[in-house]
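> Below you will find the structure I want to go over with you.
The values are calculated or read from the model by the stated rules, or taken from the named source; none is laboratory data. Nothing here was measured: the structure is a model prediction, and the numbers come from that model. As a convention, Cβ positions derive from the backbone with ideal geometry for all residues, glycine included, and neighbour counts pool all protein chains shown. Heads up: the accessible areas ignore ligands, DNA and RNA and are worked out on the full protein's heavy atoms, side chains in. Shrake-Rupley method; radii C 1.70, N 1.55, O 1.52, S 1.80 Å.
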Amino acid sequence: MVLTEPRRLEPRELPVPDIDDDSGLLRVEACGICGSDYEQFEGVLGTPTPVVPGHEPVGIIERIGDRAARRWGVDVGDRVAVETILSCRYCARCVAGEYQLCDRRRMYSFIPLDVQPGLWGAYAEYMYLDPGSMVHKIDRSLAPGIAALFNPLGAGFRWGVEIPKLQPGNSVMILGPGQRGLACVLACREAGAGSILVTGLAADAHKLELARRFGADDTVEVESGDALARVREMTAGRGADVVIEVTSYSTAPVAAALDYVRPGGTIVLAGVKGFQAIPDFVSDKIVVKEIVVRGALGVTSASYRSAIRMIESGKHPLAAMHTHDFGLREAETAIDVLAGRVPGEQSIHSCLLPVRA
Ligand SMILES: [Zn+2]
Ligand SMILES: [Zn+2]
């Protein structure tokens, strides 16, 4: 499926690319879709078209160069989860281990069709595996839609545990119960969080219920409940050790996070706001409380591995957050459901499946 212009996805036949010693070809089984798929579709990211979207793929290695097979530790027939980011491995940031900040960083699904070989996204039956790819083996017996949870769950581990350096016993407040918020609940619980409070809207009631099933101690609907009073109650008046902001487009939680966090605590900002300024953001609170504020964009290999171990363990009822599988040609419908534009459909995690089971 090619995004030819904003809001227009069209089926196209493209040649299956040749590969060399350093690259590979993925037979896509499932591609998770997230908020940035929606933003790319709407054209708000200003990214180039025409383009094959899809940056959360799981699939089978169909072909692979000898050197790529040695480097990545995989072979034809293995099922792999593919990281979104392509990195060079040689710049100062890559050498420092921060490959997600690579000077020559590129991302699957945002490289236009006219850059050879064109198949840079997973809204397709096959995807090109560039030499700069990072891939992780994942159990072949999992349903493709469940395996595709590696991406939101990886974000849960990076944003909820790795970035704030979460310690056992820490109190955590998660603002927003979408797929990333729920993933943070699972990851923080796994890492030994003491107490977990999740906020949402009244319209998110089913997601808040799932948050409690996944291990949140309490949830609060922000229209009717007093989130600040609840977090103080939960933390003997101090505020949360870690606050994770994963709402989309809502600015109020960013300003409120400065009140929710304890002195010396950490706020992780991961929900994008369309580059809006934040009203009532009082930076003095950061100063007087010595708050650490961290931005979070991508996911690192370590967090993807934690996510894959969690999925393979079968310990959690993860199927409860995987709500929709769509065929490839239903990509526009999938985006509409994700955006909440289809009455009666409540999406948490959705996938496109080139071959529907
Ligand atoms: Zn994504
Ligand atoms: Zn680099």
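> Treating the angle as unsigned and between 0 and 90°, give the value, to the nearest 10°, between the Cα long axis of helix 179-190 and the longest Cα principal axis of the chain.
70
> Still on this model: Quick check on packing: order 151-158, 21-28, 117-124 by the mean number of other C-beta atoms within 10 Å, highest mean leading.
Sorting 151-158, 21-28, 117-124 by mean packing, highest first, produces 151-158, 117-124, 21-28.
> A 25 angstrom limit on the alpha carbon distance is what I want to check against. Which of K137/K273; K165/K285; K137/K315 exceed it?
With Cα atoms farther than 25 Å apart: K137/K273.
> Right, next: If you roll a 1.4 Å probe over the heavy atoms of the protein chains, what accessible area per residue do you get for the stretch 177-333, in Å²?
Values: 7050 Å² over 157 residues.
That works out to 45 Å² for each residue.
> Still on this model: What does the net charge come to around E332 if you take all other residues with beta carbon closer than 12 Å to its beta carbon, with K and R at +1 and D and E at -1?
-1
> Related question: Rounded to a whole number, what % of the accessible area of the stretch 79-127 do carbon and sulfur atoms account for, probe 1.4 Å?
The value for the stretch 79-127 is 51 percent carbon and sulfur by accessible area.
> Could you pull out every residue, at least 5 positions away or on a different chain, whose amide H is within less than 5 Å of the one on V198? Hs are placed 1.01 Å off N in the peptide plane, and Pro or chain starts have none.
Amide H neighbours of V198, under 5 Å, 5+ apart: I174, D218, T219, V220.
> Name the long-range amide H neighbours of M107: under 5 Å, sequence gap of 5 or more, or other chain; modelled H, no Pro or chain starts.
Amide H neighbours of M107: L86.
> Could you run the Karplus curve 6.51 cos²θ - 1.76 cosθ + 1.60 with θ = phi - 60° over the stretch 107-118 and give me ³J(HN,Hα) per residue in whole Hz, x for Gly and Pro?
Whole-Hz 3J(HN,Hα) from phi for the stretch 107-118: 10, 3, 5, 10, 9, x, 4, 7, 8, 4, x, x.
> Beta carbons within 10 angstrom, averaged per residue: use that to sort the peptides 290-299, 95-104, highest first.
On the way: 290-299: 16.3, 95-104: 14.5.
My ranking of the peptides, most packed first, is 290-299, 95-104.
> Hey, got the dipole for the chain? About the Cα centre, +1 on K and R Cβ, -1 on D and E Cβ, debye to the nearest 20?
In debye, rounded to 20, the chain gives about 860.
> Which residues' amide hydrogens lie under 5 Å from the amide hydrogen of D78, considering only partners 5 or more residues apart or on another chain, with H built in the peptide plane?
Excluding prolines and chain starts, which carry no amide H, the hits are I61.
> Of the options V287, H206, T84, report the single residue whose Cα projects farthest towards the positive end of the charge dipole of the chain (beta-carbon charges: Lys, Arg +1; Asp, Glu -1).
The one lying farthest along the dipole's positive direction is V287.
> Using the Karplus curve 6.51 cos²θ - 1.76 cosθ + 1.60 with θ = phi - 60°, work out ³J(HN,Hα) for each residue of the stretch 167-175 in order, rounded to whole Hz, and write x for Gly and Pro.
These are the phi-based 3J(HN,Hα) values: 10, x, x, 5, 8, 10, 10, 10, 9 Hz.
> A further question on this structure: Along the positive direction of the dipole of the stretch 241-346 (beta-carbon charges: Lys, Arg +1; Asp, Glu -1; about the Cα centre), which of S248, M321, S303 reaches farthest?
Of the options given, the answer is S303.
> A further question follows. Tabulate in residue order the Karplus-calculated ³J(HN,Hα) for the stretch 225-236, using 6.51 cos²θ - 1.76 cosθ + 1.60 with θ = phi - 60°, rounded to whole Hz; enter x for Gly and Pro.
x, 9, 5, 5, 4, 5, 5, 5, 4, 6, 10, 6
> For the stretch 196-251 and the stretch 1-71, what is the separation of their Cα centres, given in Å?
Between the Cα centres of the stretch 196-251 and the stretch 1-71 lies a distance of 35 Å.
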